[in-house]
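Following: one structure in structure tokens, then a few remarks.
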Amino acid sequence: MSTKAKTIKPEHVAKASTKNAPVSTKHCIELCRWLRYKNTSEAKKMLEEVIALKIAVPYRKFVRDIGHRAGMSTGRYPQKASKEMLKLVKSVEANAQGKGLDISNLKIIRILANRAPTPFTGSRHRHGTKRSHIELEVMERRSKSKDAKDKKEDNKNNQTHPATIETKANLNEKPKNKPQS
């Protein structure tokens, strides 16, 4: 069974990534799942509320020994990871603005976190070894009114072909009076 894949034009997409961020990969994975397919303005607001300890991030995968939160089953307040994600969302918005995209219509289409290489620290208890790679990709959502306008313009451009303009001009001309012999 084959499915038709959507083609995304690269001129409507902006990307940002961070390598070796000193945050827990597990927290980043849960944050990525929570923020995926959200608007960037909504994502920034949610992350700021997590940093202020107002909203807990629901945990679905890494739930061992995690307590329940109000209004959800398990959740935490990953402040450090939220700060890194907030920086990344602001960065991708700046990249989108540099490409000329409309910042108010950006939607997160791809966000993921991977484990980065563990640094060799010389301490006895190996502190500071949490590292993550985070990637973020946003796409400019087009409003329905813009799509309708674009379709109308395409139809107008297809109808006003130069050859048809010439024939219409020839038909609109008045016939010249020929001298009768």
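Of everything in the range 5-23 that is of a type in the set (Lys, Arg) and part of a strand (DSSP E or B), the residue that is nearest to residue 90 (Cα to Cα) is 15. Does residue 54 fit the bill of being over 28 Å from residue 140 (Cβ atoms) and touching a His at 6+ places or on another chain (Cβ under 8 Å)? No. Pairing each residue of the range 67-88 that is over 21 Å from residue 39 (Cβ atoms) with any residue that is part of a helix (DSSP H, G or I) and of a type in the set (A, V, I, L, M), provided the two are 6+ apart or on different chains, yields C-beta distances under 6 Å for 77/50; 79/51. Only a single item in (1) polar (S, T, N, Q); (2) modelled with pLDDT of 95 or more; (3) surrounded by fewer than 14 Cβ atoms within 10 Å (Cβ to Cβ) is not met by residue 17, and it is number (3).
Residues in the range 70-103 that are over 17 Å from residue 47 (Cα atoms) and either under 14 Å from the mean Cα position of the chain (by Cα) or among the basic types (Lys, Arg) (or both): 8 in all.
The values are calculated or read from the model by the stated rules, or taken from the named source; none is laboratory data. These numbers were taken from a predicted model, which means no experiment stands behind them. Backbone-built Cβ (ideal geometry, glycine too); neighbour counts: all protein chains shown.
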